[in-house]
Amino acid sequence: MGRFNNIVEEEMVKTATMAVRGGRRKAVAIEIMSWMIVSKTGESVVESIDKHSIMRRTGLPARDLRVLDPALSSPSSIVGREKSIVVNLEHIKAIIMSNEVLLINLSSPFFIRFLQDLQKRVPCNIQTSISVADGVEGDPEKKPLLEETSQIGDDSPKNAWEGSFVDGAPVVAAETNRKPLPFEFRALESCIESACTCLESETKRLEKEAYPALDELTSRISTLNLERVRQIKNRLVALSGRVQKVADQLEHLLDDDNDMAEMYLSQKSDAHLMDQTPIKEGCNSPFDEYIYQGDEPVQEKSYESKPNVEELEMLLEAYFAQINGILQKLSSLSEYVDDTEDYINIMLDDKRNQLLQVSVIFNTITMIINAGIVVVGLFGMNIHIDLFDGQPRQFWATTVGTVVSCLLLFLVSIWWGKKKYLLSE
């Protein structure tokens, strides 16, 4: 695998060829991209293939290849076609066929990890502890035991082998009906798992940064803390949108059995029906069966067309549950951010109310002082009154009376403001 990590190739090389039509030269651009091709055996080869060769090789139209273009921003999608499955999930841009997987070669660490996992997973290795067929082959004494147990109903496969001994050794039940996943499903599972792993790792990293930053903001409101929370919220919104797109795509596939049936590439290849309607296992054509009694036909039963996609459905449901778990984590983090914002707004509103109360008090004090200034201004006028001819105690009495009156007026204003709930207690 180390030789692939050291491969450095250009992702897109554009060459132009000149064609002369009707005496005019036209430039035709052929896009050549670097593709990583993984076969059924897990072997990988890097090839530079142009767009038209890919279309002929996979049977895909040009619009499906545009979804895989790294230069374009396309939403997450998993689309089943006649000969291939187009996967566009996060860092994975792949075309899955019945015998190989074509990947756009990238230098992302997640892509390298995904490629290693894909090479380990696509080879079909069937591991069973004991094979029933091998256990009875060549031993005529054990064949009657196998025939006897095969006649027992399928409702109790465990009891069929329970308590059975051959030559003093217990016979262990083997999952003879279990078959490995087709190549395209193993590759598809690796793609979805890698995308889920990438999203989950980013979610954990975001949680690790977000919760301490939010707690610090609640303890100390500052411009720096507010900027950190703003950046975290932007990342949260972007990540939630990406996860939601993957969840919507999986949910869309689970809701449409026909779309899932299109992804059974091995069945369609084995049945040689690539140019016909795709095979849907367990599908019965909608028609009415008639039984003739005498000369009149009698309708017996009507069947509905319903493809059997249980195998792929269980695979997608498992990763759909995982994506929902990631969405739940992001939803909890989003609620925590909203609660922190509400708490900050409450604190700011409280500070604002305190400032308003202080402003009311100072305005009241200013009004009362202005009333005292009016009294001082009256006595400062250049006119003669009898008070000027009195004793000094009259001056001090007037001064003290003015100050006391101002204080009483201030106290009465504060009491009235609290009574009218204009000031807090």
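The values are calculated or read from the model by the stated rules, or taken from the named source; none is laboratory data. Values in this document were obtained by computation on a predicted structure and should not be read as measured data. Cβ: placed from backbone, ideal geometry, glycine included. Neighbour counts: every protein chain shown. Side chains are part of the model used for accessible areas, which takes the heavy atoms of the whole protein and leaves out ligands, DNA and RNA. Shrake-Rupley method; radii C 1.70, N 1.55, O 1.52, S 1.80 Å.
So here's what we get for this one:
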read-out	value
Criterion: assigned to a helix (DSSP H, G or I) and farther than 30 Å from Ser98 by Cβ - qualifying residue of Ala213, Ala195	Ala213
Failed criterion for His272 (all others in (1) outside any loop (DSSP other than H, G, I, E, B); (2) modelled with pLDDT of 50 or more; (3) open to solvent by 40 Å² or more (accessible area, probe 1.4 Å) hold)	(1)
Residue tally, condition open to solvent by less than 30 Å² (accessible area, probe 1.4 Å) and hydroxyl-bearing (Ser, Thr, Tyr), over the stretch 197-255	2
Ile369 being open to solvent by 80 Å² or more (accessible area, probe 1.4 Å), more than 28 Å from Arg242 (Cα to Cα), without any contact (Cβ under 8 Å) to a residue 12 or more places away in the chain and part of a helix (DSSP H, G or I)	no
Number of the exception - Tyr421 against (1) on the phi > 0 side of the Ramachandran plot; (2) in contact (Cβ under 8 Å) with a residue 24 or more places away in the chain; (3) among the hydroxyl-bearing types (Ser, Thr, Tyr)	(2)
Any hit, the stretch 383-400, residues being modelled with pLDDT of 90 or more, open to solvent by 90 Å² or more (accessible area, probe 1.4 Å), assigned to a helix (DSSP H, G or I) and not basic (Lys, Arg)	no
Subset of the stretch 101-116 [assigned to a helix (DSSP H, G or I) and either within 12 Å of Ser34 (Cα to Cα) or polar (S, T, N, Q) (or both)]	Gln116
Residue list for the stretch 97-121, restricted to those being surrounded by 19 or more Cβ atoms within 10 Å (Cβ to Cβ) and of a type in the set (A, V, I, L, M, F, W, C)	Met97, Val101, Leu102, Leu103, Ile104, Phe111, Phe114, Leu115, Leu118
Check on Glu313, closer than 30 Å to Ser219 by Cα and out of contact with any Pro (no Cβ under 6 Å at 6 or more places or on another chain)	no
Filtered residue count, the stretch 56-77, keeping only those that are in contact (Cβ under 8 Å) with a residue 12 or more places away in the chain, open to solvent by 50 Å² or more (accessible area, probe 1.4 Å) and of a type in the set (A, V, I, L, M, F, W, C)	1
Filtered residues of the stretch 78-96 (kept if closer than 23 Å to Pro182 by Cβ and open to solvent by 20 Å² or more (accessible area, probe 1.4 Å))	Val79, Arg81, Glu82, Lys83, Lys93
